[in-house]
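Let me begin by presenting the structure, written as structure tokens, before commenting on it.
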Amino acid sequence: MLRPTGRRTDHAPTPALDPFGPLLRRLLAPCALTFFGAIVFYTIPVETSFLLKDLGTEAPATIGLCTAIASAATVAGAATFTRLTDHADRLLPWTLTLCAAGFAIIALADTIPLLVLGAVVNCLGTGMLLPTLINRTVALLTPANRGRGTGLWNTAFFLGEFVCPLILLAAAKPTGTLAHAVGALAVTTLAVAAGLAATRTRRTAPKSVPA
């Protein structure tokens, strides 16, 4: 009767890891975009209670309900992404545009229902934003490098989460109110979306063949 020796008999080559420097350079742009995406993603969860307070509402039940509605919209956005995975490469500009539209509604809101509508629109976008960002990043990685690559992605994302309230607080001073700071973020988000759309258009445009 043969007994296992505890030794491997196969000699499959170990996938090679890319040097860290080239890997970091390859992911620099996706991580910068993820850093910005985290700011967009966390604005509503972090700032909703303060925005409601500025509208004269401090009731915990009202704040909790509004936050729950926005969170449900995030779940709906993530579920929507599962039907759009084949178009993930061109989804990001539209997702950011949806987020910007939600921010714009919030910036102009003078009633709680209008603010909640803006939060829902924004969170539908952020629900698609997070899986879109990580999908685009993982597509740049070989299986051997996905551990380190996703570690860099997470670093960028959590750094954006950390600075999100600090940036909005800093922007609220020159703009006048937190709602105006959210409006400035809407403009910035829309500009990033337009830049991504223009970049993709140039990349996919057919090259002319010289006569």
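The values are calculated or read from the model by the stated rules, or taken from the named source; none is laboratory data. Keep in mind that what you see is a predicted model, and the values were worked out from it rather than measured. All Cβ positions, glycine included, derive from the backbone under ideal geometry; neighbour counts span all protein chains shown. With ligands, DNA and RNA removed, areas are computed over all heavy atoms of the protein, side chains included. Shrake-Rupley method; radii C 1.70, N 1.55, O 1.52, S 1.80 Å.
With a probe of 1.4 Å, find how much accessible area segment 20-119 has per residue, and write the answer as a whole number in Å². Display every interim value, and only then the final one.
Numbers: 4960 Å² over 100 residues.
It amounts to 50 Å² per residue over segment 20-119.
Accessible area per residue for segment 127-173 in Å², computed with a 1.4 Å probe and the full protein assembly in place, what is it?
Per-residue value: 49 Å².
How far apart, in nm, are two points set 7 Å out from the Cα along the Cα-to-Cβ line at Thr142 and at Lys53?
For the pair Thr142/Lys53, the computed spacing is 5.2 nm.
Ala79 to Leu166: extension gain in nm, 0.36 nm per residue of separation minus the Cα-Cα distance?
Working: separation 87, 0.36 × 87 = 31.32 nm, distance 3.01 nm.
Here the answer is 28.3 nm.
Taking 7 Å along the Cα-to-C-beta vector as the label spot, tell me the Ala68-Ala29 distance in nanometres, rounded to one decimal.
4.4 nm
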